[in-house]
Amino acid sequence: LVLRWKKSFDMNYGGNSKAPKFPLPSNLDFLLDYALQTSDEKVKEFVALTLDKMAMGGIYDQAGGGFARYSVDMIWKVPHFEKMLYDNGQLIYTYARAFTVFKDPMYKRIVDQTIDWLEREMLDPSGAFISALDADSEGVEGKYYIWTAREIKHLNEITNGFFGLYYAQGERAYWEDGYYILLRTKSDREIIQELNIDQKELERRISLMNDQILSLRKDRVYPGRDDKCLTSWNAMVLKGLCESYRVFGNDRDRKLAIRNYRWIREKMIDQEGRLFRNYKNDKVSIPAFLEDYAAVIDALISYYYMEGDIDAIKIANNLTESCINEFSDDISGMFFFTPSSTELIVRKMEINDNVIPSGNSVMARNLYQLGILLHKQEYIDRAKQMLANVYDGMESYGSGYSNWAYLLNHIVFGCYEYVCTGSDAKLNAFELAQQGLPYGVVVYQKGEELPPVFDGHKTDENMIYVCAQGYCLKPSQSVTEAVETVMKNKL
């Protein structure tokens, strides 16, 4: 699968070797995990290249944070300026996860800026996030984000030349009709060397400059807003916020995650446990589809990894059982997009992963993780059966099965369970999440009621239990020891 996929890698600018270019977070998540599992340096290099070029390109809102929907060209320069919630929720997770591997300060900046943007421009009073910002303002695509030569000269003056050093100038930044796009060609390291400053000073200067840019931009006509709040897209943001907090420890991210979790729990799930899809003006509508159930269950698992809140796992399991009862295809073990209560002549079944992973691949990974957390072998068996159903298509179209392939990584290479106990449990769990290890289930002891993954482990002392596929390695007393144990005993 990966050998075929490599043929489509653009090793100059990352992403696929054709335009338009879409950020494909699940592709990058799988490829990074595969590179860690197999020590494949070419794949690892490709992931870093793609993340770097997207972050430095015009597809990223350099001053305000957040990614546009896609780039019309090969070099991530000219975006379709529309900003979608689902892209950015997933990319927060992807960049946070990548930071644990590459330790690139730019990745942390991308995550922080994007969450800043979500809080500043996308947050609904309910704690949910709205769906999208239009590409146009005043009837002109991108007008809110682009700059004239005169404005660029002014920005260069008020930043004492830093704007002209940090952002690309001239033909490289030119778009059309006398307008320029903010993008970068110099890396952080190059700018640090040129100015003879350190990373901390660079961050200070970037923040000050971008504040000045945003101050000028706020007087423009704002793009239109799609202010409905979609459950599945919010769940993707919730997952990203949880991962960002585990990696960077910014309490702002945790507070936003808790608010969003409460919105899902209190607004989008009724007293009978039914999930809804749409929220606007304090009203819910439309019974949830498979992608909503799958994304929410996925986010609840991530919320449990962050908070250690047993209720999150209970809700995730209840929604999983509802999904099995309402969406299952009893013959294949897969899930239909609509529930059985929907009166349709034909019920469709989505398999392929795209910019948003398919509901079936997300559910398969959910079942696998819940199977580990709750010791439910029937969940794990079903996940494996679902994966087996799509084997035939994976080799010929790898990027369309990337989230499925992520599950395949778990099964082929193993998915370690890191169970942290004692008073230092949370500290150890978060430190483990920051180690850049292949994907694993990392849980910590909190409260008296614990899920079955803690069964058989002592909870009265600081220990890290490392298990995989039914057996456990020697317990460790520190993160360093646990990582060394895993490296010496790789499956």
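The values are calculated or read from the model by the stated rules, or taken from the named source; none is laboratory data. Nothing here was measured: the structure is a model prediction, and the numbers come from that model. No Cβ is skipped: glycine too gets one built from the backbone with ideal geometry, and neighbour counts run over all protein chains shown. Quick note on the areas: whole protein, heavy atoms, side chains included, nothing else; ligands and nucleic acids left out. Shrake-Rupley method; radii C 1.70, N 1.55, O 1.52, S 1.80 Å.
With a 1.4 Å probe and all protein chains left in place, how much accessible area per residue does the stretch 423-473 have, in Å²? Could you put the intermediate results ahead of the total?
Values: 2450 Å² over 51 residues.
I get 48 Å² per residue for the stretch 423-473.
What number comes out for the charge environment of PRO223, summing +1 per Lys or Arg and -1 per Asp or Glu over other residues with Cβ under 15 Å away?
On the way: positive: ARG69, LYS83, ARG120, LYS143, ARG217, LYS218, ARG220, ARG225; negative: ASP61, GLU82, GLU121, ASP134, ASP136, GLU138, GLU141, ASP219, ASP226, ASP227.
Combined, the nearby Lys, Arg, Asp and Glu give -2.
Are there any chymotrypsin sites (Phe, Trp or Tyr not before Pro) in the stretch 374-436 that are in a DSSP loop and have at most 14 other Cβ atoms within 10 Å? List them by number. Provide the component values of the computation, followed by the final result.
Values: sites: TYR379, TYR391, TYR397, TYR401, TRP404, TYR406, PHE413, TYR416, TYR418, PHE430; in loops: TYR397, TYR416.
Taking the stretch 374-436 and a limit of 14 other Cβ atoms within 10 Å, the loop chymotrypsin sites (Phe, Trp or Tyr not before Pro) found are TYR397.
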So for the stretch 44-142, what percent of the C-alpha to C-alpha distances run longer than 16 Å?
56
Consider just the alpha-carbon atoms of the stretch 439-488 and return their Rg together with their Dmax, both in angstrom.
11.1, 33
Among the listed pairs LYS42/LYS83; LYS267/LYS376; LYS103/LYS186, give every one whose C-alpha distance is greater than 22 Å.
LYS42/LYS83; LYS267/LYS376
Could you pull the accessible area for ARG120 with a 1.4 Å probe, rounded to 10 Å²?
110
Taking a crude spin-label model, label points 7 Å out from Cα along the C-beta direction, the GLU176 to ASN489 distance in nm is 6.1
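So what's the convex hull volume per residue for the Cα atoms of the stretch 209-354, in Å³? Could the numbers behind the result be given before it?
Values: hull volume 24.8 nm³, N = 146.
Cα-based convex hull of the stretch 209-354, divided per residue, equals 170 Å³.
Can you pull out the trypsin sites (Lys or Arg not before Pro) in the stretch 1-82 that DSSP calls coil and that have at most 10 other Cβ atoms within 10 Å? Present the calculation step by step, with values, prior to reporting the outcome.
Numbers: sites: ARG4, LYS6, LYS7, LYS18, LYS21, LYS42, LYS44, LYS53, ARG69, LYS77; in loops: LYS7, LYS18, ARG69, LYS77.
In loop regions of the stretch 1-82 (DSSP not H, G, I, E or B), the sparsely surrounded trypsin sites (Lys or Arg not before Pro) are LYS7, LYS18.
Using every Cα-Cα pair within the chain, state what percent have a distance larger than 28 Å.
Values: 64363 of 120295 pairs.
That fraction is 54 percent.
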For the stretch 357-491, what % of the accessible area comes from carbon and sulfur atoms, probe 1.4 Å?
47
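Which GluC sites (Glu not before Pro) in the stretch 267-331 sit in a loop by DSSP (not H, G, I, E or B) and have at most 12 other Cβ atoms within 10 Å of their own Cβ? Working shown, then result.
Values: sites: GLU272, GLU291, GLU307, GLU321, GLU326; in loops: GLU272.
Those that pass, being in a loop and sparsely packed, are GLU272.
Run the accessible area of the stretch 132-184 with a 1.4 Å probe and give the carbon-and-sulfur part as a rounded percent. Write down the numbers at each step before the final one.
Values: 1140 of 2610 Å².
Carbon plus sulfur share of accessible area: 44 percent.
For the stretch 197-321, which whole-number percentage of the solvent-accessible area (1.4 Å probe, protein heavy atoms only) is attributable to carbon and sulfur atoms?
Values: 2440 of 5200 Å².
The value for the stretch 197-321 is 47 percent carbon and sulfur by accessible area.
Using the Kirkwood radius over Cα pairs, work out the Stokes-Einstein diffusion coefficient for the stretch 1-68 at 37 °C and 0.692 mPa s, in µm²/s as a whole number. Mind dumping the intermediate values first?
Values: Rh = 12.5 Å.
For these conditions, the coefficient is 263 µm²/s.
For a Förster distance of 51 Å, can you work out the FRET efficiency between the beta-carbons of SER207 and ASP330, rounded to the nearest 0.05? List each step's numbers first, then the result.
Working: r = 56 Å, r/R0 = 1.09.
For R0 = 51 Å, the calculated efficiency reads 0.40.
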Kindly report, to the nearest 10 Å², the accessible surface of SER402 as traced by a 1.4 Å probe over protein heavy atoms only.
0
Among the aspartates and glutamates, select those whose C-alpha is under 19 Å from the C-alpha of LYS153, and discard any that sit fewer than 8 residues away in the same chain.
GLU171, GLU176, ASP177, ASP211, ASP219
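Extension gain THR480-ILE286, at 0.36 nm per residue separation less the Cα-Cα distance, in nm? It would help to have the intermediate numbers written out before the result.
On the way: separation 194, 0.36 × 194 = 69.84 nm, distance 4.85 nm.
Going from the current span to full extension adds 65.0 nm.
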Translational diffusion coefficient (Stokes-Einstein; Kirkwood radius from C-alpha pairs) of the stretch 382-491 at 37 °C, 0.692 mPa s, in µm²/s
215
Looking only at Cβ-Cβ distances, which cysteines of the chain have no other cysteine closer than 4.7 Å?
CYS229, CYS242, CYS323, CYS415, CYS420
Give the cross-link partners of LYS488 among the lysines, using a straight C-alpha distance below 22 Å as the criterion and excluding same-chain residues fewer than 8 apart.
LYS44, LYS474
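Is it possible to state the helix-based mean residue ellipticity at 222 nm for the chain, with each DSSP H run of 4+ residues giving -39500 (n - 2.57), the sum divided by total residues, to the nearest 500 deg cm²/dmol? What is it? Display every interim value, and only then the final one.
Working: 19 runs with 243 residues, N = 491.
After summing the helix terms and dividing by residue count, I get -15500 deg cm²/dmol.
Using alpha-carbon pairs under 8 Å, 6+ residues apart, how would you state the relative contact order of the chain in percent?
14
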Here the gain from full extension of LYS458 to LYS218, 0.36 nm per residue of separation minus their alpha-carbon distance, amounts to 80.8 nm
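If each residue of separation counts as 0.36 nm, what is the full-extension length gain between SER423 and LEU473 once their alpha-carbon separation is subtracted? Mind dumping the intermediate values first?
Details: separation 50, 0.36 × 50 = 18.00 nm, distance 2.14 nm.
Gain in length upon complete extension: 15.9 nm.
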For the stretch 148-231, dividing by residue count, accessible area per residue (probe 1.4 Å) in Å² works out to 58
Quick one: if you stick a label point 7 Å off each Cα along the C-beta vector at GLU138 and ILE197, how many nm between them?
3.1
